[in-house]
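Below is one structure; the comments refer to it alone.
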Amino acid sequence: MAKRLSSKLFVSRLSSYTTNEGLRQMFLPFGDVTEARLVIDRETQRPKGFGFVTYKSEVEAQKAMKVMDGRMVNGRLLFVEVAETERHPKDISS
């Protein structure tokens, strides 16, 4: 069975000046962005420098990843990869 690709991307090394809307606009040329969300530090309320972009289709996400991974944006070299799904620890009880 083939591994299923994801329509959700993990974007790291973002400028601290990036906003949710700025992230969305950055990835909008590659398809229908359904969500663009920066991860915010709880204490400082400032972006941590990474976030997630979700597309309507896996094809759009793959196209964005190919173009944006390794691209310089606002003086920062971006890394874009498929977001990992949330993992739950295995039950290790005996």
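Things worth noting here:
- Some residue of region 35-57 being open to solvent by less than 70 Å² (accessible area, probe 1.4 Å) and assigned to a helix (DSSP H, G or I): no
- In region 3-33, the residues that are outside any helix (DSSP H, G or I), open to solvent by 40 Å² or more (accessible area, probe 1.4 Å) and under 21 Å from Val73 (Cβ atoms): Lys8, Phe10, Arg13, Ser16, Tyr17, Thr19, Asp32
- Unmet criterion (only one of (1) hydrophobic (A, V, I, L, M, F, W, C); (2) at pLDDT below 90; (3) within 20 Å of Ser15 (Cα to Cα)) for Phe50: (2)
The values are calculated or read from the model by the stated rules, or taken from the named source; none is laboratory data. This is a predicted model, so every value here is computed, not measured. Cβ sites come from the backbone with ideal geometry, for glycine too, and all protein chains shown count toward neighbours. For the accessible areas, the whole protein counts, side chains as well, though only heavy atoms, and no ligand, DNA or RNA atoms are used. Shrake-Rupley method; radii C 1.70, N 1.55, O 1.52, S 1.80 Å.
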